[in-house]
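The values are calculated or read from the model by the stated rules, or taken from the named source; none is laboratory data. Bear in mind that the values here come from a model prediction, so they are computed numbers and not experimental data. We place every Cβ from the backbone using ideal geometry, glycine too, and count neighbours over all the protein chains shown. Areas reflect the complete protein model, heavy atoms only, side chains present, ligands, DNA and RNA absent. Shrake-Rupley method; radii C 1.70, N 1.55, O 1.52, S 1.80 Å.
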Amino acid sequence: QVQLVESGGGLVQVGGSLRLSCAASGRTFSRYDMGWFRQAPGKEREFVASTSWSGRTTVYADSSKGRFTISRDNAKNTVYLQMNRLKPEDTAVYYCAAGGPSLTATMSVRSWGQGTQVTVSS
């Protein structure tokens with residue numbers, strides 16, 4: 001398995017940007033699809049974005065398409081989520097995930113990070 005540690009969350013105003021990072025330990029990082037999920041208070045954890053092991057294929061939820069960009073650097077064992085034009089409804093705890101194939105649902109996740117809080121203020 002791979003261990004995941006997120007960073008980069010925080011408080012940002014509506015329309016602002018944040019970049020989340022997820023550092024992975026373990027030599028098998030490049031074998032996994034990687035993704036981001038989020039969970040708002042009182043809601044289920046939902047898919048945000050994922051990238052294939054090579055980084056060539058990316059998938060986005062409708063809510064993040066056009067505003068968020070997922071990328072990975074296998075040499076650094078790190079996956080990123082660039083979030084632009086943030087909205088109050090993006091407020092949630094964001095979790096990094098490793099697993100796959102087709103890492104678009106929680107059932108496909110093999111490892112979770114501890115989460116990082118993103119708060120968008122209006």
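On the given criteria, is Val5 part of a strand (DSSP E or B), closer than 19 Å to Ser108 by Cα and β-branched (Val, Ile, Thr)? Answer is yes for this residue.
The residues of the range 79-101 that are free of Cβ contacts under 8 Å to residues at least 60 places away in the same chain and closer than 17 Å to Gly55 by Cα amount to a single one, Val79. If you go through the range 102-122 and keep only what is open to solvent by 40 Å² or more (accessible area, probe 1.4 Å) and within 10 Å of Ser50 (Cβ to Cβ), you end up with Ser102, Thr104.
Within the range 24-43, being touching a strand residue (DSSP E or B) at 6+ places or on another chain (Cβ under 6 Å), of a type in the set (Gly, Ala, Ser) and either part of a loop (DSSP other than H, G, I, E, B) or under 18 Å from Thr69 (Cβ atoms) (or both) holds for Gly35, Ala40.
If only residues of the range 44-60 that are part of a loop (DSSP other than H, G, I, E, B) and without any contact (Cβ under 8 Å) to a residue 24 or more places away in the chain are counted, the one that is surrounded by the most Cβ atoms within 10 Å (Cβ to Cβ) is Gly55.
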